[in-house]
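First the structure, in the form of structure tokens, and then the observations on it.
The values are calculated or read from the model by the stated rules, or taken from the named source; none is laboratory data. Because the structure is a prediction, the values reported are computed rather than measured. Methodologically, a virtual Cβ is constructed for each residue, glycine included, from the backbone with ideal geometry; neighbour enumeration extends over all protein chains shown.
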Amino acid sequence: MMNRLLSLIIVLLPSFALMADKVSNSVEHAAIVPSADTIDRGNLKLSLLTCGQGEDLYTTFGHSAIRITDASLKIDKVYNYGTFEYTDDIWFYVRFTRGKLRYMLDVSSYDDFVYWYIQEGRSVSEQNINLPQKDILKIVEFLENNLKPANKFYKYDFYYDNCSTRIRDLFEHTLGKEMAWTLEKSDGKTMRRHLNPYIKEMPWIKWGFYLTLGNVTDVKADYRAKMFLPFELEKSFDKAIYKGSGSPRNLVSSKTILIEQKYTPKDDYLLDPVLFTLVIVLLIGCYVSHMQFYKDIYWKWYDLFLFTTVGLLGLLILFLWFFTDHQTTHWNYNLLWALPTHLIYISLMMNYRRFYAYTIVSGVLIGISILLSFLQPFHLATYIVIFILTMRLYVNYRYAKHYNVRRLAFSKIF
């Protein structure tokens, strides 16, 4: 039951779509101790692991980790910033929902790390990093320091602080000016639109992202910002330059596919299920409006379903914006049409003056939200819902005005 609840929360909260690939399951770890002998032997090797997509939502965007090996010392470890400690209690889900779940750096053996990817049919590619021993040891020292209980935890952020950005920042911090990213002309995509290729086979999830992510995600992503995605980090490493120890050279010396990708996202829909569902709701709404407008027959159950659903969505948006630590859900203009007050829409019909005022205010806010959609793009499905809402607000307004007497305009429906 709790696992199903967790899956539901993941769907509703896109801020967790790039969550941990694995719950922490680390064993006792022996630190790699830097020494002059280690430097002289030059056996330490460093590589970036990039993991492919999986079937579950939290695996959609892939994963990044660092591998450290030394054949002579039989060291083969994977440092992973994408883990958290799971506890089977209600407070785990409370922290999860409010964005207060702490992520951490974890370390495991390479065999343990790849086991799950083999089981899930997900690829693992390895980029061998071309660095002298002294720089590899600097990175190892940084990772070992991060593993300390006082340092290992961090506050996860979907776009700005995750398993991928932590590795980007690690290399920038340890190598400094000795490493340079290859600057490319921006493709003009926003942080939000960078997600689209990964969720094109997930229409409900895609709409959920557009509903719950705020305007803060509609800024253009430069070469550095888009590295929040593991596959973009991998591409950036391919083009990065190491400028230390003599003449500049490619940061990546070679690339190997360790595990082939077997899982392939499938689009099994003949029709877009989101648009198909909403068109059905729209057609029913048109019929209900026709019967109300021309036959004087009002079916309250349609409005009860419509405005209650939209009102609950508004409550979710309000909660994500003001009562959680999710930075990506701030300044969400969907709140202007998905008003939480729609939950009491039906009851407002008992007082025609309040009902008139509420209809006018709702109409104005819907108009403002459409204007603001130039700043925060709306999904096509959202426009359909807005049209249905506007139609029902207008028809109910005209219906109430037809009974413009000092009595309960809609009393006959209760």
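List of remarks:
- Residue under evaluation Glu172, criteria (1) without any contact (Cβ under 8 Å) to a residue 12 or more places away in the chain; (2) buried (at least 19 other Cβ atoms within 10 Å of the Cβ), criterion not met: (2)
- Among the residues making up region 308-334, those that are more than 21 Å from Asn162 (Cα to Cα) and outside any helix (DSSP H, G or I) are Phe323, Trp331, Asn332.
- Here Asn196 fulfils each of the conditions (1) free of Cβ contacts under 8 Å to residues at least 24 places away in the same chain; (2) farther than 16 Å from Phe158 by Cα apart from (2).
- Note on region 95-119: among residues that are among the hydrophobic types (A, V, I, L, M, F, W, C) and at pLDDT 90 or above, the one that is farthest from Glu144 (Cα to Cα) is Ile118.
- Residue check, Ser245 assigned by TED's automatic domain parsing to the domain that holds Asp157, hydroxyl-bearing (Ser, Thr, Tyr) and in a strand (DSSP E or B): no
- Enumerated helices (runs of 4 or more DSSP H) restricted to region 90-205, each holding at least 3 residues that are in contact with a Ser or Thr (Cβ under 6 Å, 6 or more places away or on another chain): 133-146, 163-175
- Residues of region 340-385 satisfying the condition of being farther than 30 Å from Lys220 by Cβ, of a type outside the set (Ser, Thr, Tyr) and either outside the structural domain of Lys401 (by TED's automatic domain parsing) or in contact with a Phe, Trp or Tyr (Cβ under 9 Å, 6 or more places away or on another chain) (or both): His342, Leu343, Ile344, Ile346, Leu348, Met349, Met350, Phe355, Ile360, Gly363
- Restricting region 149-173 to residues that are at pLDDT below 95 and among the basic types (Lys, Arg), the residue that is farthest from Val216 (Cα to Cα): Lys152
- Test: residue in region 226-241 that is among the small types (Gly, Ala, Ser), under 29 Å from Phe319 (Cβ atoms) and part of a helix (DSSP H, G or I): no
- The combined condition, being part of a helix (DSSP H, G or I), buried (at least 17 other Cβ atoms within 10 Å of the Cβ) and touching a Pro at 6+ places or on another chain (Cβ under 9 Å), is fulfilled by Val274.
- Members of region 361-382 found to be in contact (Cβ under 8 Å) with a residue 12 or more places away in the chain and assigned to a helix (DSSP H, G or I), listed by number: Ser362, Gly363, Leu365, Ile366, Ile368, Ser369, Ile370, Leu372, Leu380, Ala381, Thr382
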